[in-house]
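> Sharing a structure, written as structure tokens. Questions coming.
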Amino acid sequence: MAQGTETLAAAPAEKVQIFHDSEADRAYRAKWWLGRFAVYGALSLWALVCLFPIYWTITTSFKMAPNVMQGHLVPFLDYEPAWLGWRSLGLSPETIGAESTVRAEFLKRFVNSAIAALASSTLAVALGSLAAYGLSRFTFRFGPMRNDDISFFFLSQLILPPVVLALPFLVLYKELALLDTRLGLILLYTLTVLPIVVWIMRDQFASIPTELEEAALVDGLSIWGAFATIILPIALPGMVAAFILSLVLTWNEYFFAALLTSTNAVTLPVMVASQTGSQGINWWSMAALSFAAILPLIVVGILLERFIIKGMAAGAVK
């Protein structure tokens, strides 16, 4: 008897599967994996389409003229990289330490773009947030217009093409002595992106429960105190998103910068468009200048991403 028990204990236990997937379960799993593959495949293809212009710009800045004309794409395989484009800007390793008129001109345009874009974006977010908060919390009446009509009026300003406003702004700026000035660009850029900021922030404030402000008022805070200490931390992600969008739009603005500036306040987009010579477009110089122009936006986006997460965490707890 003991020997039989030992034999049974030594024998490996057989694993018997009790539950089995049905045909419907297996078909659903296959369909789920196929759907995931299709979604990620489409996203990867779209990412490739979006990133290819940046890749082309970077690689073209290191090409010689024959490489550009022959359409070579892969460095070290199709062509040997060179510093021709960066040398034309005075930013190559052998020219970075020497005096360069082109580099000084580039830095001047860079400073103009930075001041105009940062100042106008900050001013637009500040004014737009206040306007959006009022439209989301209070009831206004301007003739037959109500809050929704006023909000749509802000957004409708984007319907007008810029060329329609060219002559009025040219005459107005000439009378106010704002032509070829940074202040003129800041005021115009603020007016341009303000409707977008109002629209984004209005939805952001509308998603915040009014009970938070009511509790703050009961605790003794004023309306401005509740707005500054309770609402702003919660709405910070929307404000950062609106700021980034405004910064991108104002940094890349070309039409009004080319129309209203000539010497002192010329921005980077105008300088990029001017990279043409008697023999055609200097693609290597334009590519180097274009990459130098978009690099700050990439850096700002990476840095402000942390502040978006921080703003969401700060507004989670009262």
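The values are calculated or read from the model by the stated rules, or taken from the named source; none is laboratory data. Treat the numbers as computed from the prediction; the structure is a model and nothing was measured. Heads up, the Cβs are rebuilt from the backbone with ideal geometry, glycines too, and the neighbour counts pull from every protein chain shown. Quick note on the areas: whole protein, heavy atoms, side chains included, nothing else; ligands and nucleic acids left out. Shrake-Rupley method; radii C 1.70, N 1.55, O 1.52, S 1.80 Å.
> If we count GluC sites (Glu not before Pro) as exposed when they sit in a DSSP loop and have at most 16 other beta carbons within 10 Å, what is the longest stretch of the chain that avoids them all?
Details: sites that count: Glu14, Glu94, Glu99.
That would be 100-318.
> Continuing with the same structure: Under a 1.4 Å probe, what is the accessible area of the chain per residue, stated in Å²? Could the numbers behind the result be given before it?
Numbers: 19900 Å² over 318 residues.
Here the residues of the chain average 63 Å² of exposed surface.
> Mean-square fluctuation check for the chain, GNM, Cα pairs under 10 Å: which of Phe52, Phe154, Phe62 is largest?
Highest fluctuation of the listed residues: Phe52.
> Once the Cα atoms of helix 162-175 and of the chain are each reduced to a long axis, what angle between those two axes, in degrees from 0 to 90 to the nearest 10, is obtained?
That helix lies at roughly 40 degrees to the long axis.
> Give me the one-decimal nm value for the distance between modelled label points at Tyr55 and Ile298, 7 Å along each residue's Cα-to-Cβ direction.
1.3 nm
> Would you look at the GNM of the chain, springs on alpha carbons closer than 10 Å, and say which of Trp224, Trp251, Trp283 moves the most?
For the chain, modelled as a Gaussian network with Cα springs under 10 Å, the answer is Trp224.
> What residue among Leu303, Leu89, Leu188 has the largest mean-square fluctuation in a Gaussian network model of the chain, using Cα springs under 10 Å?
Leu303
> Once semi-axes √(5λ) of the Cα gyration tensor in Å is worked out from the coordinates, which option in [x] 49, 39, 19; [y] 47, 21, 17; [z] 41, 29, 20 does it equal?
[x]
> Still on this model: Once both axes come from the Cα atoms, what is the angle between helix 101-137 and the longest principal axis of the chain, in degrees from 0 to 90, rounded to 10?
Tilt relative to the chain: about 70 degrees.
> With +1 on the Cβ of every Lys and Arg and -1 on the Cβ of every Asp and Glu, and nothing else charged, how large is the dipole of segment 103-197 about its Cα centre, in debye rounded to the nearest 20? Before the final figure, lay out each step's value.
Numbers: 8 positive and 5 negative charges, 41 e Å.
Here segment 103-197 has a charge dipole of around 200 debye.
> Measuring from label point to label point, each 7 Å out along Cα→Cβ, what is the Ser274 to Leu221 span in nm?
Inter-label distance under the simple model: 5.0 nm.
> Moving on to the next point. Extending each Cα 7 Å along its Cβ direction at Ala104 and Tyr40, get the distance between those two points in nm, one decimal.
Distance between label points: 5.5 nm.
> Given the DSSP H assignment, sum -39500 (n - 2.57) over each helix run of at least 4 residues in the chain and divide by its residue total; what's the result at 222 nm in deg cm²/dmol, nearest 500? Don't skip to the end; give the middle numbers.
Details: 14 runs with 221 residues, N = 318.
It comes out at -23000 deg cm²/dmol, rounded to the nearest 500.
> Could you give the dipole magnitude of the chain about its Cα centre, charging the beta-carbon of Lys and Arg +1 and that of Asp and Glu -1, in debye to the nearest 20? The partial results should precede the final answer.
Details: 19 positive and 21 negative charges, 95 e Å.
In total the dipole reaches around 460 debye.
> Run the accessible area of the chain with a 1.4 Å probe and give the carbon-and-sulfur part as a rounded percent. Walk me through the numbers before you get to the answer.
On the way: 14020 of 19900 Å².
With neighbouring chains kept in place, the figure for the chain is 70 percent.
> Continuing with the same structure: Please give the helix 283-314 orientation as an angle from the longest Cα principal axis of the chain, in degrees from 0 to 90, rounded to the nearest 10.
Tilt of helix 283-314: around 60 degrees.
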